[in-house]
Amino acid sequence: MPNAYISGTGFYVPPRVVTNDQLREEYGIDTTDEWIRQRTGIEERRFADEGNAPSDLAVHASKMALENAELTNKDIDLIVFATLSPDFAFPGSGVILQRKLGMCDEGHFPPALDVRNQCSGFLYSLATATSMVQSGAMKNVLVIGAEVQSAALDLSSRGRGVAALFGDGAGAVIVSATDEDRGVRHFQLGADGRHADVLSQKVWDTSKRPFIPQNADGVGQVQPEMMWAQMQGKLVFKHAIERMIGVMMQTFSAQGLTLDDVDLFAFHQANLRINQYIQKSIGAPEEKFLHNIQKYGNTTAATIPILLAEAEQTGQLTRGKKVCCVAFGSGFTWGAAIIDW
Ligand SMILES: CC(C)(COP(=O)(O)OP(=O)(O)OC[C@H]1O[C@@H](n2cnc3c(N)ncnc32)[C@H](O)[C@@H]1OP(=O)(O)O)[C@@H](O)C(=O)NCCC(=O)NCCS
């Protein structure tokens, strides 16, 4: 059985920076820099300009990952695209990315799969890619996490509890087959659908006829509570801590690892306070934790691949390092992976 390792990483964030103060001054949101920083650690985020969808951000991140892996479009056997903010209701963003990368023009038509697991989407996708590679079915899988959330945030005081948290961005990795003794050693995934309503965006509801209410002229009418994401923040916070510690310990025990064996922790970036709480409660050194929520906010499926790409770029993440990735998100869903880089 071949091992599945990460042969290349890439990331892209849109150039437009939106600080906490700008949320108040430009969007008129009743918030303060102090409130957001104290509770979440977020200082600023990136918003993509109109005309940019997640697949556009993903093109940049994918090209960087391909270049770093020294691979071309033709080497890719499968695209796995994780997002909660897909370009359209359907088709999935994976096929749109395939087209925008120029694969179709080159006569190359690899399968493309969308993964809808929100903040855990990257780890679910990594697990899928790893299994495909280890089974021998695929040699190189392009895994993307990309989000344009700014298009679907209620950027008003009414939506401040959610809007202050999220940003746009894309991260990509190539999962490749190797005979070398390295790669994804273990992954663990979980879900608890009892909490499906705790963090959700029900912009349409297919149990209704039609799925979006219409006015007398046949124009779709979406109420604010359907249009925008709804979240019970305190409940999410509590479950995130419990599940992230739980799933991480499961991977440690499956691999016979202790905290000292891990060189870097690449945790999902939902809230700096969640990650700091976990880091302190398990007694891990602060410097082993990668963070970028301060400058990007929560980029959902993109947080972990962006962290990995940035850490490679700065030289923090090098061959031989043992990395522990952990995520938790809407669903609830969660996951963890141990990777020997
Ligand atoms: C969102 C979160 C920071 C809110 O912190 P909190 O201490 O739980 O705050 P609450 O939601 O109880 O709100 C407290 C008050 O702050 C207000 N508030 C909410 N957002 C605000 C903002 N951006 N600026 C200022 N005030 C805000 C609320 O309206 C509320 O006011 P009230 O007491 O007058 O009703 C926190 O719950 C959290 O991080 N949860 C996890 C979220 C998460 O990880 N989501 C993604 C999962 S992948």
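Where a number appears in this text, it was derived from the coordinates with a stated rule and is not lab data. All values reported here derive from a predicted model rather than from experimental measurement. Ideal geometry is used to build each Cβ from the backbone, glycine not excepted, and the neighbour counts take in all protein chains shown.
Considering ASP205, ASP192, ASP179, the condition of being exposed (fewer than 14 other Cβ atoms within 10 Å of the Cβ) and within 16 Å of the ligand (Cβ to nearest atom) is satisfied by ASP192 alone. Of all the numbered requirements in (1) more than 15 Å from the ligand (Cβ to nearest atom); (2) small (Gly, Ala, Ser); (3) in a helix (DSSP H, G or I), ALA301 misses one, and that requirement is (1). Filtering the stretch 12-46 to residues that are of a type outside the set (Val, Ile, Thr) and more than 16 Å from the ligand (Cβ to nearest atom) leaves TYR12, PRO14, PRO15, ARG16, ARG46. Among the residues of the stretch 245-262, is any charged (D, E, K, R), assigned to a loop (DSSP other than H, G, I, E, B), over 21 Å from the mean Cα position of the chain (by Cα) and surrounded by fewer than 19 Cβ atoms within 10 Å (Cβ to Cβ)? No: zero hits. Taking the stretch 209-242 as the range and being part of a helix (DSSP H, G or I), within 13 Å of the ligand (Cβ to nearest atom) and not aliphatic (A, V, I, L, M) as the test, the residues that pass are GLY233, LYS234, PHE237, LYS238, HIS239, GLU242.
Checked against (1) assigned to a loop (DSSP other than H, G, I, E, B); (2) closer than 24 Å to ASN20 by Cα, THR206 passes all but a single condition, namely (2).
One residue stands out in the stretch 331-340 among those that are part of a strand (DSSP E or B) and surrounded by fewer than 24 Cβ atoms within 10 Å (Cβ to Cβ): the one that is nearest to the ligand (Cβ to nearest atom), namely ILE338.
Could you tell me whether VAL184 is within 20 Å of the chain's Cα centre (by Cα) and either in a strand (DSSP E or B) or closer than 30 Å to ASN140 by Cα (or both)? Answer is yes for this residue. Number of residues in the stretch 304-330 that are more than 14 Å from the chain's Cα centre (by Cα) and either assigned to a helix (DSSP H, G or I) or over 24 Å from LYS238 (Cα atoms) (or both) equals 14. Note on the stretch 66-95: residues that are in contact (Cβ under 8 Å) with a residue 60 or more places away in the chain, hydrophobic (A, V, I, L, M, F, W, C) and over 17 Å from MET132 (Cβ atoms) amount to 3.
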